[in-house]
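K.L.:
Starting off with a structure, shown below.
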Amino acid sequence: MQCEICGTDIKGPSFKVSIDGSELTVCGRCSQYGKNVDKRTPVSRKIAPTAPAAQRRKKSKPKGFETFTDELVPDYDSIIKEAREKKQLTHDELAHKIKEKSSLVKKLERGDIVPEEDVRKKLERELDIKLTERTSQDDWSGERLNKGTTLGDIVTIKRK
């Protein structure tokens, strides 16, 4: 058997060590580089309190109501840029006010990246703008769909 670190033939006992989450079989010399796997520490088993059965039941949504989600508007980059220029702020000044880097603001205005939730909220609050719109899940209509050939017309799906 060879050591998985140095590659030499292991003479004598081999050791199982954990290095960065990987278990390796190593020689005695290389065993110092990781934690010994054979020594297992017992884990205490704490039982989490459970809620009474009445509290565990999920409330079902009333039927007939559409589910709405907030989605980022497609032209968020131009909205951010126009609002910043309207308030006469530079990239650095806006970045300082929202406690982010100016390079992030520049990338957002170019549309290179999509703002994360917390950054989006900071921008909306600082620039007095709205970057999301409420959309419905049930917004599909047959008139908008393409009547041409689709992938489903060509491909047959085999289930295992």
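K.L.:
How many of the residues making up the range 92-108 are in a helix (DSSP H, G or I) and out of contact with any His (no Cβ under 8 Å at 6 or more places or on another chain)?
P.N.:
Summing the residues that are in a helix (DSSP H, G or I) and out of contact with any His (no Cβ under 8 Å at 6 or more places or on another chain) in the range 92-108 gives 11.
K.L.:
Shifting gears a bit: Can you report the number of residues in the range 85-140 which are of a type in the set (Lys, Arg) and at positive phi?
P.N.:
We begin by selecting, within the range 85-140, every residue of a type in the set (Lys, Arg); these are 86-87, 97, 99, 101, 106-107, 110, 120-122, 125, 130, 134.
Now narrow it down to the ones that are at positive phi: 99.
Selection size over the range 85-140: 1.
K.L.:
Within the range 128-160, which residues are within 29 Å of ASP75 (Cβ to Cβ), of a type in the set (Ser, Thr, Tyr), modelled with pLDDT of 70 or more and not in a strand (DSSP E or B)?
P.N.:
Residue satisfying the conditions is THR150 alone.
K.L.:
Considering each residue of the range 6-38, count those that are of a type in the set (A, V, I, L, M, F, W, C) and over 34 Å from the mean Cα position of the chain (by Cα), and give that number.
P.N.:
Final tally of qualifying residues: 6.
K.L.:
Ok, one more. Please go through (1) at pLDDT 85 or above; (2) farther than 30 Å from PRO115 by Cβ for THR41 and return the number of the only condition it doesn't satisfy.
P.N.:
(1)
K.L.:
Does VAL73 fit the bill of being within 26 Å of the chain's Cα centre (by Cα), at pLDDT 85 or above and surrounded by fewer than 15 Cβ atoms within 10 Å (Cβ to Cβ)?
P.N.:
Numbers: within 26 Å of the chain's Cα centre (by Cα): yes; at pLDDT 85 or above: yes; surrounded by fewer than 15 Cβ atoms within 10 Å (Cβ to Cβ): yes.
Judged against the criteria, VAL73 is a match.
K.L.:
With the requirement that a residue be under 22 Å from the mean Cα position of the chain (by Cα), in contact (Cβ under 8 Å) with a residue 40 or more places away in the chain and over 17 Å from GLU71 (Cα atoms), what does the range 100-139 give you?
P.N.:
Of everything in the range 100-139, nothing turns out to be under 22 Å from the mean Cα position of the chain (by Cα), in contact (Cβ under 8 Å) with a residue 40 or more places away in the chain and over 17 Å from GLU71 (Cα atoms).
The values are calculated or read from the model by the stated rules, or taken from the named source; none is laboratory data. Everything numeric here is computed off the predicted structure, so don't read it as measured data. Counting neighbours? That spans all protein chains shown, and the Cβs are built from the backbone with ideal geometry, glycine included.
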